[in-house]
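K.L.:
Please see the structure below; I have some questions.
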Amino acid sequence: MKWDVSFETKCQGMDLSIQDQYHAISFPIYQTATFSRSYLGEQSGFDYTRQTNPTRSQLESVAACLENGKEGIAFASGMAAVTAVMNLFDPGDHIIVDADLYGGSVRLFNDVCSRYGLEFSTCDCSSEDVGSYIKENTKALYLETPTNPMMHVSDIEELSKLVHGKDILLIVDNTFLSPYFQNPLDLGADIVVHSGTKYIGGHHDTIGGLVIVNDSGIAERLRLILTTTGAGLPPFDSWLILRGLRTLAVRMEKAEKNAKIIADHLLKSPHVTKVLYPGLPDHPGHGIMKKQARGFGSVISFEVESKEFAVKVLNNVELFYFAESLGGTETLITYPITQTHAAVPEELREKNGINDRLLRLSVGIEGAQDLTDEIDRVFGL
Ligand SMILES: *Cc1c(COP(=O)(O)O)cnc(C)c1O
């Protein structure tokens, strides 16, 4: 695989060290549970799909390349990926987590990992003094930027300097921007996590997760966890995500272009009381985003005048889908309070500003005019 080419070209890349017999352009789906041997001691590199599978390995290689990382590991979902990362730690370890995170991650930390002896502190990494949360047993700092759904932006490089040399791993969930817009490893992060379900897969047709690292020791431990727990991404889903990656660059560009138009359009509406989009020049994280990312992504959260208005919007969308998830080609509208963030404790939800007037749009790649027309139609009912 060529490493010294543009991002768009890397998306078309194939790791030729993982060959198929016939040199297919679309890497084959190795839909097999096991691999046979011609003789005792023969090494084909693949034994059993729970451990490794050529289609999964191909995806891992391309994904690592796109994040400028040494190794990629593909999991059955974003949550399986985050879980595996948490399995790196021991009982008694302390982890600082961002206050505004994907609801499933909050549930994992509070309801599962805490029971196995991991200790968590919640901190707003975009505004609080993260250093004041560091304790003797702190082993990791876990964050998203921009956050879901409040769009807080944290300075990855500054935070990496803060934890550097302290035996604390910086873990960044890069789902919202994808490797096309942001590469946390280049900014000093140790571990990058993705829900491959979102922009990387890009078509709302499969579930997957990725972890990308530079440290081969961490990669080896993650592979052991994957193999042992059976959390690997199946061959067909690996192929779907590989196919999705082919168009990552063009999808990200178009979706972001649409998002900018929609954010401006929402700002003009008298029914909208707040627009949270880091691409807006007066967003508090705009400057940091300009420094550490190449774009602002295409997720927009916004507040409308009342709960009744929010419900009206959700019940009347036609072009937008009222559905959880984000990062696909179609525009989705979500109600974080009852959908993506229902698992976040009410107290934290309120503190973060996730209220019953908040809506979240994942802007797709449709024609921009159709999207603004849809907003006007629904708002005008
Ligand atoms: C969706 C999502 C996840 C979880 O990924 P799944 O593929 O749904 O398991 C984690 N982090 C973020 C930011 C997400 O949006």
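The values are calculated or read from the model by the stated rules, or taken from the named source; none is laboratory data. This is a predicted model, so every value here is computed, not measured. Counting neighbours? That spans all protein chains shown, and the Cβs are built from the backbone with ideal geometry, glycine included. All accessible areas refer to the heavy atoms of the entire protein, side chains included, with ligands and DNA or RNA removed. Shrake-Rupley method; radii C 1.70, N 1.55, O 1.52, S 1.80 Å.
K.L.:
Any residue in segment 228-248 that is at positive phi sitting within a Cβ distance under 6 Å of a residue that is not in a helix (DSSP H, G or I)? List the pairs, counting only those 6 or more apart or interchain.
P.N.:
Matching pairs, first to second residue: Gly230/Arg50.
K.L.:
Something else about it: Being over 19 Å from Leu240 (Cβ atoms) and either open to solvent by 100 Å² or more (accessible area, probe 1.4 Å) or not in a loop (DSSP other than H, G, I, E, B) (or both) is the filter here; which residues of segment 18-37 pass it?
P.N.:
Gln21, Tyr22, His23, Thr34, Ser36
K.L.:
Out of Ile354, Ile375, I need the residue that is at pLDDT 95 or above, of a type in the set (Val, Ile, Thr) and buried (at least 16 other Cβ atoms within 10 Å of the Cβ). Which one?
P.N.:
From the options Ile354, Ile375, the qualifying one is Ile375.
K.L.:
Can you go through Glu71, Glu128 and tell me which one is open to solvent by 40 Å² or more (accessible area, probe 1.4 Å) and free of Cβ contacts under 8 Å to residues at least 60 places away in the same chain?
P.N.:
Glu128
K.L.:
Please work out which residue is least open to solvent (accessible area, probe 1.4 Å), limiting yourself to segment 148-165 and to residues that are assigned to a loop (DSSP other than H, G, I, E, B) and more than 23 Å from Tyr335 (Cα to Cα).
P.N.:
Result: Ser154.
One line per residue, one yes/no per condition, for (1) open to solvent by less than 20 Å² (accessible area, probe 1.4 Å); (2) in a loop (DSSP other than H, G, I, E, B); (3) modelled with pLDDT of 95 or more:
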site: Thr83; (1), (2), (3): no, no, yes
site: Leu108; (1), (2), (3): yes, no, yes
site: Thr122; (1), (2), (3): no, no, yes
site: Pro146; (1), (2), (3): yes, yes, yes
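K.L.:
Restricting to segment 199-212, name every residue that is within 10 Å of the ligand (Cβ to nearest atom) and either part of a strand (DSSP E or B) or surrounded by fewer than 24 Cβ atoms within 10 Å (Cβ to Cβ) (or both).
P.N.:
Thr206, Ile207, Gly209, Leu210
K.L.:
Scan segment 284-313 for residues that are open to solvent by 20 Å² or more (accessible area, probe 1.4 Å) and under 30 Å from Asp186 (Cα atoms) and jot them down.
P.N.:
Pro284, His286, Gly287, Ile288, Lys290, Lys291, Arg294, Phe296
K.L.:
Which of the residues that make up segment 330-351 are over 20 Å from Val378 (Cβ atoms) and either in a helix (DSSP H, G or I) or within 16 Å of the ligand (Cβ to nearest atom) (or both)?
P.N.:
Thr340, His341, Ala342, Ala343, Val344, Glu346, Glu347, Leu348, Arg349, Glu350, Lys351
K.L.:
Of the conditions (1) aliphatic (A, V, I, L, M); (2) more than 23 Å from Ser216 (Cα to Cα); (3) buried (at least 17 other Cβ atoms within 10 Å of the Cβ); (4) within 14 Å of the ligand (Cβ to nearest atom), Val112 clears all except one; give me its number.
P.N.:
(3)
K.L.:
Only one of (1) surrounded by fewer than 20 Cβ atoms within 10 Å (Cβ to Cβ); (2) under 26 Å from Leu141 (Cα atoms); (3) within 16 Å of the ligand (Cβ to nearest atom); (4) charged (D, E, K, R) fails for Arg221. Which number is that?
P.N.:
All conditions pass for Arg221, except number (3).
K.L.:
Give me the residue from segment 173-193 that is more than 8 Å from the ligand (Cβ to nearest atom) and part of a strand (DSSP E or B) and, out of that set, farthest from Trp239 (Cα to Cα).
P.N.:
Checking each candidate, the answer is Ile191.
K.L.:
Please go through segment 350-372 and give me each residue that is charged (D, E, K, R) and without any contact (Cβ under 8 Å) to a residue 40 or more places away in the chain, ordered by number.
P.N.:
Glu350
Residue-wise test of (1) open to solvent by less than 20 Å² (accessible area, probe 1.4 Å); (2) at pLDDT below 95; (3) within 16 Å of the ligand (Cβ to nearest atom).
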{"residue": "Asn214", "(1), (2), (3)": "no, no, no"}
{"residue": "Gly217", "(1), (2), (3)": "no, no, no"}
{"residue": "Pro234", "(1), (2), (3)": "no, no, yes"}
{"residue": "Trp239", "(1), (2), (3)": "no, no, no"}
{"residue": "Asn258", "(1), (2), (3)": "yes, no, no"}
{"residue": "Leu266", "(1), (2), (3)": "yes, no, no"}
{"residue": "His271", "(1), (2), (3)": "no, no, no"}
{"residue": "Leu276", "(1), (2), (3)": "no, no, yes"}
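K.L.:
On to the next question. Among the listed residues Asp90, Asp100, identify the single one that is of a type outside the set (A, V, I, L, M), outside any helix (DSSP H, G or I), assigned by TED's automatic domain parsing to the domain that holds Ser160 and within 15 Å of the ligand (Cβ to nearest atom).
P.N.:
Asp100
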